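Step one of this worksheet: look at the structure below.
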Amino acid sequence: MRNPLEDGFEQARAVADAVLFEGYVLYPYRASSAKNQMRWQFGVLVPPAWTATGGEHAVQRTECLLEPRGGDRLHAELRFLHVRRRTVERLGADGAYTEVPELELPDRVLVPWDEGHEERVLIHAPLAELTEDQAADRAVRFDLPAATEYEPVTDTEGRTLGRLVRRRHRLSGELRPHVEELPGPYRVLRLTVSVHNTTADTADAGTSRDAALAHSMIGTHLLLGVPGGRFLSMTDPPEWARPAVASCRNNHTWPVLAGPPGAVDIMLSSPIILEDHPALADESPGPLYDATEIDEILSLRTAALTEREKREARGTDARAAEVVDLVDSMPEAVRERLHGAIRGLREVTGDDDVMSRDRAAAQVPGTGPTAPEPGLSLPEGPGHPWWDPAQDPEAEEVPATVVIDGEAVRAGSRVLLRPGARRSDAQDAFLFGRHATVEAVVGDLDGETHLAVVVDDDPGTDVRRAQGRFLYFKPDEVAPLKEAP
């Protein structure tokens, strides 16, 4: 029978892999790409000797709250990448190997590259043995010694053309778990797990970040599980636990509930901010390793690579080769699934086929997503905002006119845009000083009044009016213009 905790860990690992390999190899997936010259952005723990000059950290600390209930044992899994420096050597006629910048094969072009090898460190310990008196005895120390590996490179007929040389530098570390019972009416434990890079005698690590990375833990994160126990959400805790949650100290990590929705016995401590119970999109065909993973764009652009570029990507890294092969073999139906998913509607309706349902409903008059809800009278025709809370019968009445600098401003008035610095975004910087026409005075659900406007010299004004998609400003962000329209 399968272990439920392992099922939850497996789902959490799938999400964690997106963290572990975030930015591992960025599109266009080639070592020669400029963006791949600066890698390893998240969860980097460097040797202590390098922290003073490099701006990185040697320790990662996770603190979270746990109601032990029926749970009495902690299962922890530390995961990280360890860099392996790969060089390429060609076999000469004299039988000697010579390092080269690339080795061209029919299906790929091999180049030097820093590979990331996944490492795991496990803890299985009774909670009773992680108290202050015994925690030091439960620390787990690990040491990965320096090593060199050789992989022959052969042609289609099995003849050796060269070899790949992978060098791993020494890396040592320590995992320190600790529990402390908090005072109060509920039995709650504060679980602390700190991860330390303890690598010493790394004189070369002080010369540059690139050198230090060879002795570093990369993409460092933790999976924590207490079967029978209940972790408390650190982002949305129960009201009674908020003071205790606020007192927890997390350094360079962000713990969230993990596993399937509703699971409370698994926590993922990630080097980037996540929500509780994070999950990969159902539409995603596989890992693309490019930060936010905009699957459709990356897939289409990968498909547009030339054959030479694909060969270089395949020779850059085994994971990059998998991406190229994935895109090349992707059925059209899978590619279609990457386009147009509306996550918000699924959360509200619970309908996994909301897109196809809406397409079908659009063929029937009076149905589909544009049909008004009962009791809600929506304006018809052009010139109305597509979103107007004032049309809600229960909303507060919005005046048709507002007074600005002693002048009455209403639909049809012309104004000078002067968005305030406190609310400006990048677009506002381009709109400052432009002339605009007020299309409507509207209110929001907070009782605030806004002016819906179109910019006078905007070539898309007709389209905006037809669709009711306007720009919105508060009354103190515009000034009336007195000249006639």
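The values are calculated or read from the model by the stated rules, or taken from the named source; none is laboratory data. Predicted model, so just to flag it, every value in this text is computed and none were measured. Here Cβ is always computed from backbone atoms with ideal geometry, including for glycine, and neighbour counts include all displayed protein chains. Note: accessible area is taken over every heavy atom of the protein model, side chains too, but ligands, DNA and RNA are not part of it. Shrake-Rupley method; radii C 1.70, N 1.55, O 1.52, S 1.80 Å.
Does segment 35-47 contain at least one residue that is over 21 Å from the mean Cα position of the chain (by Cα), farther than 22 Å from Arg120 by Cα and modelled with pLDDT under 95?
So far as segment 35-47 goes, no, none of its residues is over 21 Å from the mean Cα position of the chain (by Cα), farther than 22 Å from Arg120 by Cα and modelled with pLDDT under 95.
In segment 432-459, the residues that are without any contact (Cβ under 8 Å) to a residue 12 or more places away in the chain reach residues that are in a loop (DSSP other than H, G, I, E, B) and charged (D, E, K, R) with C-beta atoms within less than 9 angstrom, at least six apart or across chains, in these pairs: Asp458/Arg434.
For segment 309-320, filtering for residues that are hydrophobic (A, V, I, L, M, F, W, C) and either at positive phi or surrounded by fewer than 22 Cβ atoms within 10 Å (Cβ to Cβ) (or both) leaves 1. Please work out if Arg90 is within 34 Å of the chain's Cα centre (by Cα) and of a type in the set (Lys, Arg). Judged against the criteria, Arg90 is not a match. For segment 231-259, filtered to residues that are touching a helix residue (DSSP H, G or I) at 6+ places or on another chain (Cβ under 9 Å) and closer than 18 Å to Glu77 by Cα, the residue that is modelled with the highest pLDDT is Ala258.
Only one of the numbered conditions (1) modelled with pLDDT of 85 or more; (2) among the acidic types (Asp, Glu); (3) farther than 29 Å from Arg85 by Cβ is violated by Asp317, and that is (3).
Checked against the criterion of being within 30 Å of Gly95 (Cβ to Cβ), at pLDDT 95 or above, hydrophobic (A, V, I, L, M, F, W, C) and open to solvent by less than 30 Å² (accessible area, probe 1.4 Å), the candidates Val165, Val193, Val188 yield just one match: Val165. Segment 296-339 holds helices (runs of 4 or more DSSP H) entirely within its bounds, and those carrying 1 or more residues that are within 11 Å of Tyr27 (Cβ to Cβ) map to 307-316, 318-328. The set of residues in segment 423-458 being farther than 20 Å from Glu407 by Cα and small (Gly, Ala, Ser) consists of Ser424, Ala426, Ala429, Gly447. Determine whether Leu280 is open to solvent by 50 Å² or more (accessible area, probe 1.4 Å), under 23 Å from Gly219 (Cα atoms) and aliphatic (A, V, I, L, M). When the stated conditions are applied, Leu280 passes them. Of the strands (runs of 3 or more DSSP E) lying entirely inside segment 118-226, those containing at least 2 residues that are within 32 Å of the chain's Cα centre (by Cα) span 140-144, 160-168, 171-182, 188-197, 218-225. Just one of the listed residues (Thr306, Thr302) is closer than 24 Å to Pro112 by Cα and open to solvent by less than 30 Å² (accessible area, probe 1.4 Å), and it is Thr302. Among residues of segment 34-69 being among the hydrophobic types (A, V, I, L, M, F, W, C) and within 14 Å of Ala211 (Cα to Cα), the one that is most open to solvent (accessible area, probe 1.4 Å) is Met38.
The rows are residues; the columns are (1) farther than 17 Å from Val195 by Cβ; (2) touching a helix residue (DSSP H, G or I) at 6+ places or on another chain (Cβ under 6 Å); (3) without any contact (Cβ under 8 Å) to a residue 12 or more places away in the chain.
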| residue | (1), (2), (3) |
| --- | --- |
| Val46 | no, yes, no |
| Trp50 | no, yes, no |
| Arg73 | yes, no, no |
| Leu78 | no, no, no |
| Arg84 | yes, no, no |
| Thr87 | yes, no, no |
| Pro112 | yes, no, no |
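Among the residues making up segment 403-457, a single one is under 31 Å from the mean Cα position of the chain (by Cα) and of a type in the set (Phe, Trp, Tyr): Phe430.
Taking residues in segment 235-250 that are in contact (Cβ under 8 Å) with a residue 40 or more places away in the chain, and partners anywhere that are of a type in the set (Phe, Trp, Tyr), the pairs with Cβ atoms closer than 9 Å and at least 6 places apart or on different chains are Thr235/Trp254; Trp240/Tyr186; Ala241/Tyr186.
Can we say Thr98 is over 22 Å from the mean Cα position of the chain (by Cα), under 24 Å from Pro255 (Cα atoms) and of a type in the set (Val, Ile, Thr)? Criteria not met by Thr98. Taking segment 89-98 on its own, how many of its residues are free of Cβ contacts under 8 Å to residues at least 60 places away in the same chain and open to solvent by 60 Å² or more (accessible area, probe 1.4 Å)? Count: 3.
This table checks each residue for (1) farther than 29 Å from His339 by Cβ; (2) of a type in the set (A, V, I, L, M, F, W, C); (3) in contact with a Cys (Cβ under 8 Å, 6 or more places away or on another chain).
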site: Ala244; (1), (2), (3): yes, yes, no
site: Cys248; (1), (2), (3): yes, yes, yes
site: His252; (1), (2), (3): yes, no, no
site: Pro260; (1), (2), (3): no, no, no
site: Val264; (1), (2), (3): yes, yes, no
site: Glu275; (1), (2), (3): no, no, no
site: Pro285; (1), (2), (3): no, no, no
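What residue, among those in segment 434-464 that are assigned to a strand (DSSP E or B) and not β-branched (Val, Ile, Thr), is surrounded by the fewest Cβ atoms within 10 Å (Cβ to Cβ)?
Looking at residues that are assigned to a strand (DSSP E or B) and not β-branched (Val, Ile, Thr), I get His435.
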